[in-house]
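Comments concern the structure below.
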Amino acid sequence: MKPAAFILLATALVLGACAPVSQTVDKAEKESSAYIQNKGSDTMVNLALLWAEAYQKENPDVRISVTGGGSGTGITALMTNTVDIANASRAIKPEEIAEAKKQGFEPVQFVVARDAIGVIVHPSNPVDHLTLKQVSDIYQGKINNWSEVGGEDRPIVRLSRESNSGTHVYFLETVIRMGNSKSKDLFSESTLLLPSSEGIIAEVHDNPNAIGYDGLGYITKDVKLLAMAKTEGSEYVLPSVETVNQNRYPISRDLYMYTHGQPAGALKTYLDWILKPEAQQIVADSGFVPVYVPGK
Amino acid sequence: MEELHSVPAWKETLVTRIIQICGYSSILFVILILYFLLSEGLPALWKADLNSLFSTRWYPTESYFGIWPLIFGSLFVTLGAGLVSVPLGIGTAVYISEVAPSWTKEILKPLVELLAGLPSVVLGFLGIQVLVPFMRRFFDLPTGLTALSGAILLGMISIPTMVSVAEDALNTVPKSYREASMALGATRWQTIWGVTLPAAKSGVITAVLLGMGRAMGETMAVMMVTGNAPVMPQGLQTIILPIRTMTATIASEMGEVAAGSVHYSVLFLIGIILFIISLVVNVVAFTLTSRKTTRSERLLS
């Protein structure tokens, strides 16, 4: 009986000694084949997915998972340290920073792309600039004829993306409600909701009565972009990569990624890559505005 | 060696059972679909405020769940499609079955079937590129994305269904009926209108109902050309205004909605309404002609 007990004891000891060793091996493996979790803004989810795919193709040892859920969801997940990167289509709020500090870390912000919405009309439409207020009134159904905003005597046909596209929500908040979060203003019910960017461009291209909007990157040369002014007195600015990057165009916002403290290792390499021209080309291809200006 | 002489009983039972399972499976699928629809959609009745549900404003992301504009939108476009497809569809069927010389028939029948096989998204694409701009210019409308464009496209889509069912019905009318009519001195047109069509009446009505059912359930083409504005139809001028159907609403919103939310349940409730409407159409079509079930059922699937 004695030798048997000894063997048991020895086995237990060896196993006990082994366990921590194998754990450290696991950790080391994890470092070399990094796993980055990325969660947040639904507006950015496609962009983040495209980045992740392109990056993983070049770096097969890095695995990146991307999920949506909304900017708030992403930042909350960052607080609980369940994700490495939170995507947000709005800047982090002061109370969220305070909450993060309470958790003992500082969220670090990266502007990874910009989102701008261009307001478009038929090329023959003599109207070439509008204020935010005018566009808001048009889309609420308060202005119904182009002559009321300096155009021809034509009815206005309002075009919009479907109500659950990120662009629709952003346009509703920034233009129709003019940034007032308490406002209950809505799109006029006669607004045409088209399922795709192509549908909007096609109808605006064909119809001199139409007004539409879309992410700047989706807008083609077949339609005419309007210069926009924040208020009646301020300058009218045409949207372009330059004016958006200079923060002069009123319907634009930054898209962010937040990390849990200063990023390091594979995470830092990934975030550096996102700001490189090749990754920013993906930004332009998905309808957003790159943060880097081509040729500069 | 003995096995060659007689099939063992267990094999016989096995094959019978397998075939039996295949047969029952389709019943099972229908029941499962129904159960799924009900369990996902009925909670909408208490999750969403009933006043909101039966109002006329549809703006689900801001919690306006009025489904009336969608129901009427669907009915309106379907009726419009009927106005296009019934005369054209029945006319084509009568021509193929009664008037056309056999070589024309040989060409026309496959062509109609080809039309039936055309994916509706392709028709929708043609609609956007050709029909919508044409409608706007021709009728001088604010926009060509209207119920009328949708009705015309849906009419085109439901014509093949109507033609093949109606043509089958006309073919089953015995030749002696026509001969008797001709012998009494009736012209060809009098024979068609007074004898053949009435004799095939139930089959022709089935054809119309199935065609309309097809139009009601159509999604893609309608989503592309009707403008999808959830406006309550008001009188006849609605035909030249944009409209939003139930199918287009489900298709464009289901992809982005959070599972289990009120919006999600309401979309399933709309699915239940569509299911009920198509059930009623099919039951009516079925009871009208029990003789013609095989052909119509083949088309339903």
Check: Hey, any hits in the range A:189-197 for a residue that's under 19 Å from A:Asp222 (Cβ atoms) and among the small types (Gly, Ala, Ser)?
Finding: yes
Next item on the list: Just give me the residues in the range A:144-160 being crowded, with 21+ Cβ neighbours inside 10 Å and more than 10 Å from chain B (Cβ to nearest Cβ), in sequence order.
Entry: A:Trp146
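Having 2 or more residues that are at pLDDT 85 or above and surrounded by fewer than 16 Cβ atoms within 10 Å (Cβ to Cβ) is the bar; report the helices (runs of 4 or more DSSP H) wholly within the range B:203-301 that clear it.
Working: elements: B:220-225, B:246-253, B:262-288, B:293-300.
Here the list reads B:262-288.
Check the range B:176-196 and report whether any residue there is farther than 23 Å from B:Pro242 by Cα, exposed (fewer than 14 other Cβ atoms within 10 Å of the Cβ) and in contact (Cβ under 8 Å) with a residue 60 or more places away in the chain.
The first filter runs over the range B:176-196 and keeps only residues farther than 23 Å from B:Pro242 by Cα, leaving B:176-196.
So of that shortlist, the ones also exposed (fewer than 14 other Cβ atoms within 10 Å of the Cβ) come out as B:176, B:179-180, B:183-185, B:187-190, B:193-194.
Pick out the ones that are also in contact (Cβ under 8 Å) with a residue 60 or more places away in the chain and you get B:188.
Yes; the residues of the range B:176-196 include at least one that is farther than 23 Å from B:Pro242 by Cα, exposed (fewer than 14 other Cβ atoms within 10 Å of the Cβ) and in contact (Cβ under 8 Å) with a residue 60 or more places away in the chain.
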Notebook entry, point to check: What residue, of A:Val293, A:Val223, A:Val283, is at pLDDT below 90 and not aromatic (Phe, Trp, Tyr)?
Noted result: A:Val293
Check: What number of residues within the range B:242-266 satisfy the criterion of being of a type outside the set (S, T, N, Q) and more than 11 Å from every other protein chain (Cβ to nearest Cβ)?
Finding: 7
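For (1) in contact with an Asp or Glu (Cβ under 9 Å, 6 or more places away or on another chain); (2) not assigned by TED's automatic domain parsing to the domain that holds A:Met79, each residue gets a yes or a no:
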residue: A:Thr243; (1), (2): no, yes
residue: A:Gly265; (1), (2): yes, no
residue: A:Lys268; (1), (2): no, no
residue: A:Trp273; (1), (2): yes, no
residue: A:Ala279; (1), (2): no, no
residue: A:Pro290; (1), (2): no, yes
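Quick one: is A:Tyr236 under 27 Å from A:Val45 (Cβ atoms), of a type in the set (Phe, Trp, Tyr) and either modelled with pLDDT of 90 or more or assigned by TED's automatic domain parsing to the domain that holds A:Gly141 (or both)? Steps first, answer last, please.
Details: under 27 Å from A:Val45 (Cβ atoms): no; of a type in the set (Phe, Trp, Tyr): yes; either modelled with pLDDT of 90 or more or assigned by TED's automatic domain parsing to the domain that holds A:Gly141 (or both): yes.
Judged against the criteria, A:Tyr236 is not a match.
Which ones in the range B:223-241 are within 11 Å of chain A (Cβ to nearest Cβ) and in contact with a helix residue (DSSP H, G or I) (Cβ under 8 Å, 6 or more places away or on another chain)? If you could, list the steps in order and put the result at the bottom.
Of the range B:223-241, the ones within 11 Å of chain A (Cβ to nearest Cβ) are B:223-232, B:241.
Of everything in the range B:223-241, those that are within 11 Å of chain A (Cβ to nearest Cβ) and in contact with a helix residue (DSSP H, G or I) (Cβ under 8 Å, 6 or more places away or on another chain) turn out to be B:Met223, B:Met224, B:Val225, B:Thr226, B:Asn228, B:Pro230, B:Val231, B:Met232, B:Leu241.
Restricting to the range A:39-65, give me the number of residues that are under 13 Å from the mean Cα position of the chain (by Cα) and within 23 Å of A:Phe105 (Cα to Cα). Full working, then the answer.
Looking only at the range A:39-65, we keep the residues that are under 13 Å from the mean Cα position of the chain (by Cα), and these are A:39-51.
Now drop any that are not within 23 Å of A:Phe105 (Cα to Cα), which leaves A:39-41.
Qualifying residue count, the range A:39-65: 3.
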Note to self: Condition first: of a type in the set (A, V, I, L, M), touching a residue at least 60 places away in the same chain (Cβ under 8 Å) and not assigned by TED's automatic domain parsing to the domain that holds A:Asn207. Can you find one or more residues in the range A:92-103 that meet it?
What the structure shows: yes
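How about the range A:199-208: which of its residues are within 9 Å of chain B (Cβ to nearest Cβ), closer than 21 Å to A:Asn144 by Cα and in a helix (DSSP H, G or I)? Spell out how you get there, then give the answer.
To start, the set of residues in the range A:199-208 that are within 9 Å of chain B (Cβ to nearest Cβ) comprises A:199, A:202-203, A:206-207.
Imposing the further condition that a residue be closer than 21 Å to A:Asn144 by Cα reduces the set to A:203, A:206-207.
Within the range A:199-208, A:Glu203, A:Asp206 qualify.
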Note to self: Kindly evaluate B:Ala200 against the criterion of being within 26 Å of B:Ile272 (Cα to Cα) and either in contact (Cβ under 8 Å) with a residue 24 or more places away in the chain or within 14 Å of another protein chain (Cβ to nearest Cβ) (or both).
What the structure shows: no
Note to self: assigned by TED's automatic domain parsing to the domain that holds B:Thr245, within 28 Å of B:Ile277 (Cβ to Cβ) and not in a helix (DSSP H, G or I): which single residue out of B:Gly144, B:Gly155 fits that description?
What the structure shows: B:Gly144
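I'd like to check which helices (runs of 4 or more DSSP H) are fully inside the range B:37-132 and have at least 1 residues that are surrounded by fewer than 15 Cβ atoms within 10 Å (Cβ to Cβ), within 14 Å of chain A (Cβ to nearest Cβ) and touching a residue at least 24 places away in the same chain (Cβ under 8 Å). Before the answer, list the steps.
Working: elements: B:44-47, B:50-53, B:68-94, B:102-117, B:120-126.
Where helices (runs of 4 or more DSSP H) fall fully within the range B:37-132 and carry at least 1 residues being surrounded by fewer than 15 Cβ atoms within 10 Å (Cβ to Cβ), within 14 Å of chain A (Cβ to nearest Cβ) and touching a residue at least 24 places away in the same chain (Cβ under 8 Å), they are B:120-126.
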Next item on the list: Name the single residue, out of those in the range A:209-234 being within 14 Å of chain B (Cβ to nearest Cβ) and crowded, with 18+ Cβ neighbours inside 10 Å, that is farthest from the chain's Cα centre (by Cα).
Entry: A:Asn209
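Give the range A:173-198 a look and list any residue that's in a helix (DSSP H, G or I) and either in contact with an Asp or Glu (Cβ under 8 Å, 6 or more places away or on another chain) or facing chain B (nearest Cβ under 7 Å) (or both), or say none.
From the range A:173-198, those in a helix (DSSP H, G or I) are A:173-176, A:197-198; that's our starting set.
If the condition is that a residue be in a helix (DSSP H, G or I) and either in contact with an Asp or Glu (Cβ under 8 Å, 6 or more places away or on another chain) or facing chain B (nearest Cβ under 7 Å) (or both), then A:Ile176, A:Ser197 are the ones that fit.
The values are calculated or read from the model by the stated rules, or taken from the named source; none is laboratory data. None of the values given here were measured: they were computed from a predicted structure. Glycine also receives a Cβ, built like all others from the backbone with ideal geometry; neighbour counts cover every protein chain displayed.
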